[in-house]
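First comes the structure, then the notes that go with it.
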């Protein structure tokens with residue numbers, strides 16, 4: 001199972017991405033073969049185009065630079081080694097080792113370093129190591145990288161704003177449910193198993209928040225250098241603002257749940273202040289949903305629902321040993337109120 005997990009992605013990439021890779025590879029092969037008629041088949045161009053077609057234009061641009069730099073380094077090293085050592089049996093391992101050491105000395109990225117080694121290997125294995133041959137392979141690689149970038153740009157440049165919006169919406173909905181679950185637990189007696197479940201589900205908000213943040217980063221990356229990016233930047237900025245609010249409320253919600261878990265006893269539901277706190281938790285859940293929906297699809301002022309948290313909660317001093325829990329909940333609710341009314 002671990003082997004399958006290493007080989008398979010959590011979700012299938014889009015068919016369009018595969019189609020673009022196929023088109024870019026074939027186009028680079030044909031174009032390079034036509035422009036550089038002499039020499040071996042245009043393997044470098046095809047590989048460059050295949051690697052450059054990435055989920056975002058920004059990644060394509062960076063991958064093109066990485067690929068080209070690695071090829072240039074590997075080809076130059078292989079050409080020099082081939083001129084000095086005519087025997088391919090010795091030239092090949094020495095060229096690969098020299099290319100990798102050069103990449104290490106120049107502090108190149110792992111991808112660039114590997115490409116330098118692969119390029120040195122292919123130059124020795126596929127053809128003669130003349131200066132003109134090396135120049136042709138560099139041109140071939142840059143041509144393939146350019147074809148890959150153009151294909152990625154021309155065929156529906158990918159925009160990852162919708163998945164980011166969905167991830168933030170899922171976080172907002174689960175955060176609202178966590179507040180409601182805490183309100184339900186405060187107003188009733190809970191078993192130890194129910195308390196454990198309440199705590200575990202609250203803690204699951206953290207990975208959901210991290211996933212939403214990662215989705216927003218991917219969306220930001222997808223808009224860089226993208227001609228379609230201007231239409232989505234305002235929406236993405238709203239999601240960024242929302243994730244900041246939800247992050248703060250997530251911390252407060254986990255803190256309130258932890259305080260309830262640590263200080264729970266069967267008499268807490270009888271505390272006079274609990275009824276007001278339960279009401280405010282439900283109002284907070286309502287407003288979290290409202291804020292999330294407004295950010296996803298703003299509505300007119302005539303039809304929008306008004307926030308429920310219209311004023312901070314003010315209660316009398318609790319009695320008995322419950323003052324620690326009540327005070328902690330009140331302080332966290334105050335912070336939630338500030339976030340929702342900011």
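The values are calculated or read from the model by the stated rules, or taken from the named source; none is laboratory data. Just so you know, these numbers come straight off a predicted model, no measurement behind them. Here Cβ is always computed from backbone atoms with ideal geometry, including for glycine, and neighbour counts include all displayed protein chains.
Can you tell me which residue among 10, 40 is exposed (fewer than 13 other Cβ atoms within 10 Å of the Cβ) and at pLDDT below 85?
Details: 40 fails: exposed (fewer than 13 other Cβ atoms within 10 Å of the Cβ).
Exactly one residue qualifies, and that residue is 10.
For residue 106, indicate whether it is within 29 Å of residue 22 (Cα to Cα) and surrounded by fewer than 18 Cβ atoms within 10 Å (Cβ to Cβ).
So residue 106 fails the test.
Specify which of the listed residues (126, 100) is surrounded by fewer than 21 Cβ atoms within 10 Å (Cβ to Cβ), touching a residue at least 60 places away in the same chain (Cβ under 8 Å), closer than 19 Å to residue 47 by Cβ and assigned by TED's automatic domain parsing to the domain that holds residue 66. Show your work before the answer.
On the way: 100 fails: touching a residue at least 60 places away in the same chain (Cβ under 8 Å).
Just a single option satisfies the conditions, and that option is 126.
Here is a list: 146, 169, 162, 134. Which entry is in contact (Cβ under 8 Å) with a residue 40 or more places away in the chain, closer than 30 Å to residue 295 by Cα and not in a loop (DSSP other than H, G, I, E, B)?
Working: 146 fails: closer than 30 Å to residue 295 by Cα; 162 fails: in contact (Cβ under 8 Å) with a residue 40 or more places away in the chain; 134 fails: closer than 30 Å to residue 295 by Cα.
Within the list 146, 169, 162, 134, the selection yields 169.
Of (1) part of a helix (DSSP H, G or I); (2) assigned by TED's automatic domain parsing to the domain that holds residue 328; (3) in contact (Cβ under 8 Å) with a residue 60 or more places away in the chain, residue 213 satisfies all except one. Which?
Looking at each condition in turn, residue 213 falls short on (3).
Here's a check for you: in the stretch 52-69, which residue that is surrounded by 23 or more Cβ atoms within 10 Å (Cβ to Cβ) and outside any loop (DSSP other than H, G, I, E, B) is modelled with the highest pLDDT?
Among those residues, the one meeting the criterion is 52.
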